[in-house]
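To start, the structure itself, in structure tokens.
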Amino acid sequence: MVDIRVCKSEDIAERGRRVVQIGAFEVGIFNLRGRFFAYENVCPHFSGPACQGVLAPLFAEGVCEDRTSLGRVFDPGGRMNIVCPWHGYEFDIETGAHPTDNRMRLKPVPVSVRDGDIYLSVPDRRI
Ligand code: FES
């Protein structure tokens with residue numbers, strides 16, 4: 001694995017993203033509440049550019065104490081999904097997982113921040 005510096009952490013705004021090309025390897029990097037997540041820009045459905053899709057708040061089913069439904073509400077934890085632009089499959093930014101199908105998951109890329117710079121760890125055979 002090789003660590004590649006891609007940008008300053010401040011270059012990716014809160015709830016923002018940057019898609020970078022490293023050789024033949026395209027990676028989406030996301031900032032969610034100051035934490036960075038990175039995935040290969042390949043949707044597990046039909047290989048669409050999932051990381052370039054809309055970022056949407058995660059919805060949850062709200063339930064009152066008396067167990068009546070509040071309907072769909074924004075996730076209280078502020079989680080966000082990436083919506084693949086090709087067919088609309090959604091993936092949790094923090095895990096890369098599809099909300100209901102465990103077989104559908106974005107492939108994570110190790111990301112770290114050192115001295116204000118963001119690094120991706122990529123296999124040296126891919127660059
Ligand atoms: S290729 Fe991403 S949803 Fe189909």
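Here are the numbers for the structure shown:
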item: Residue list for segment 13-33, restricted to those being over 21 Å from R105 (Cα atoms) and under 13 Å from the mean Cα position of the chain (by Cα); result: E14, R33
item: Number of positions in segment 27-38 that are touching a residue at least 24 places away in the same chain (Cβ under 8 Å) and open to solvent by 10 Å² or more (accessible area, probe 1.4 Å); result: 4
item: Tabulated pairs, segment 44-73, first more than 16 Å from the ligand (Cβ to nearest atom), second of a type in the set (K, R), C-beta under 9 angstrom, 6+ apart or interchain; result: P57/R79; L58/R79; F59/R72; A60/R72; A60/R79; E61/R72; G62/R72
item: Among residues of segment 83-127, those that are surrounded by 11 or more Cβ atoms within 10 Å (Cβ to Cβ), assigned to a strand (DSSP E or B) and more than 10 Å from the ligand (Cβ to nearest atom), counted; result: 13
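For (1) more than 27 Å from V6 (Cα to Cα); (2) out of contact with any Asp or Glu (no Cβ under 6 Å at 6 or more places or on another chain), each residue gets a yes or a no:
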residue	(1), (2)
Y39	no, yes
E61	yes, yes
T68	yes, yes
V73	yes, yes
V83	no, no
W86	no, yes
E94	no, yes
L106	no, yes
P123	no, yes
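The values are calculated or read from the model by the stated rules, or taken from the named source; none is laboratory data. These numbers come from a predicted model, not from an experiment. Cβ atoms come from the backbone with ideal geometry, glycine included; neighbour counts cover every protein chain shown. These area figures cover heavy atoms from the full protein model, side chains too; ligands, DNA and RNA do not enter into them. Shrake-Rupley method; radii C 1.70, N 1.55, O 1.52, S 1.80 Å.
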